[in-house]
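Below: one structure, written as structure tokens.
The values are calculated or read from the model by the stated rules, or taken from the named source; none is laboratory data. Bear in mind the structure is a predicted one, so any value in this text is a computation, not a measurement. For neighbour counting, all protein chains shown are included, and Cβ atoms are generated from backbone atoms with ideal geometry for every residue, glycine included. Each accessible area value is taken on the protein alone, full model and side chains, heavy atoms only, with ligands, DNA and RNA left out. Shrake-Rupley method; radii C 1.70, N 1.55, O 1.52, S 1.80 Å.
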Amino acid sequence: MAAVTFPMTSKGPWIYNAHIPKISPHAITSAHAPLYPDGKETGLFITEALHPFNIFKAAGFEVDLVSETGTYQPDWLSQTKDWLPEGDRKVWEDHSSEFRSKLDKLLKPSDFNWKNYGLFFASAGHASLIDYLDAKGLQRLASEIYASNKGILSAVCHGGAIFPGILDPGTKNSVIAGKRVTGFTTKGEEEGVLDTIKSWNRPTIEASAASCGAQYVSPLGPWDSFAITDGRLVTDANPASAHKTAEEVVKAFDAL
């Protein structure tokens with residue numbers, strides 16, 4: 001469908017794919033906690049937010065960054081050379097870049113009117129297991145965009161931790177009930193962090209999906225690029241899938 005551009009607002013142009021706003025709140029975890037050697041902490045996994053941000057912007061979306069508390073902390077591992085390529089690092093370290101400047105001035109859910117948005121995307125990091133489950137503001141925003149505005153709902157890696165609280169207004173069940181989803185595998189958690197997750201009293205993504213009545217589909221390996229689209233729901237399995245997932249989100253949005 002052809003896009004229609006409406007007049008500028010305080011948050012930029014309203015761009016519609018037919019009747020659905022081509023604007024996205026991009027959820028960021030507010031949590032942080034020791035996870036790595038020497039007490040180094042998990043938080044926002046940078047590329048799981050940055051790569052989709054870039055894809056969405058290139059596809060003509062306006063993207064606003066939001067966390068439950070308006071704060072965030074970057075994941076230690078995601079800042080290391082193996083996980084943050086040079087091009088991504090330049091954007092991350094440039095406080096004048098659109099991505100970093102929006103991170104530095106994070107919004108809260110109360111700053112949003114769900115009627116103005118057509119996509120809710122949950123970025124991740126292990127820390128999202130901690131706060132997304134109880135992030136009522138983000139959950140309400142996602143529920144309204146998906147169920148009431150008939151927009152797209154997407155989560156990368158551990159971002160699916162938010163799904164139990166995103167409810168269908170009619171059934172009061174999670175919107176992923178009966179859907180096919182993926183997310184970071186329990187097998188991957190067993191590579192050194194499962195006991196820490198248990199100490200947080202939080203379920204794995206597989207267990208969380210099962211509790212919602214969803215069908216969890218696993219990639220062949222924990223780190224293989226893998227994404228699933230089920231109607232207006234798009235999920236992926238790990239950081240390597242973030243780019244692919246964002247492309248699948250754009251396809252799903254264009255099909256609305």
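Scanning region 203-212 for residues that are more than 17 Å from Gly178 (Cβ to Cβ), crowded, with 20+ Cβ neighbours inside 10 Å and not hydroxyl-bearing (Ser, Thr, Tyr) turns up just one, Ile205. Candidates in region 213-225 are the residues that are of a type outside the set (Gly, Ala, Ser) and farther than 23 Å from Ile166 by Cα; of these, the one that is most open to solvent (accessible area, probe 1.4 Å) is Leu220. Looking only at residues in region 119-138 that are assigned to a loop (DSSP other than H, G, I, E, B) and in contact with a helix residue (DSSP H, G or I) (Cβ under 7 Å, 6 or more places away or on another chain), which one is farthest from Glu48 (Cα to Cα)? Looking at residues that are assigned to a loop (DSSP other than H, G, I, E, B) and in contact with a helix residue (DSSP H, G or I) (Cβ under 7 Å, 6 or more places away or on another chain), I get Ala135. Might you check whether a residue that is open to solvent by 50 Å² or more (accessible area, probe 1.4 Å) and of a type in the set (S, T, N, Q) occurs anywhere in region 230-241? Checking region 230-241: not a single residue is open to solvent by 50 Å² or more (accessible area, probe 1.4 Å) and of a type in the set (S, T, N, Q).
Where helices (runs of 4 or more DSSP H) fall wholly inside region 12-104, the ranges with 2 or more residues that are out of contact with any strand residue (DSSP E or B) (no Cβ under 7 Å at 6 or more places or on another chain), free of Cβ contacts under 8 Å to residues at least 60 places away in the same chain and more than 20 Å from Asp236 (Cα to Cα) are 86-93, 98-104.
Filtering region 74-94 to residues that are among the polar types (S, T, N, Q) and open to solvent by less than 60 Å² (accessible area, probe 1.4 Å) leaves Ser78, Thr80.
Of the residues in region 95-108, how many are exposed (fewer than 15 other Cβ atoms within 10 Å of the Cβ) and among the basic types (Lys, Arg)? So the answer is 1.
Go through Thr69, Thr5 for me and flag whichever is open to solvent by 50 Å² or more (accessible area, probe 1.4 Å) and modelled with pLDDT under 95.
Residue meeting the stated conditions: Thr5.
If the condition is being of a type in the set (A, V, I, L, M, F, W, C), in a strand (DSSP E or B) and without any contact (Cβ under 8 Å) to a residue 60 or more places away in the chain, then region 227-249 contributes Ala227, Ile228.
Is it the case that some residue within region 167-181 is buried (at least 21 other Cβ atoms within 10 Å of the Cβ) and without any contact (Cβ under 8 Å) to a residue 40 or more places away in the chain? No, region 167-181 has no match at all. Checked against (1) without any contact (Cβ under 8 Å) to a residue 60 or more places away in the chain; (2) open to solvent by 50 Å² or more (accessible area, probe 1.4 Å), Phe163 meets all criteria but (2).
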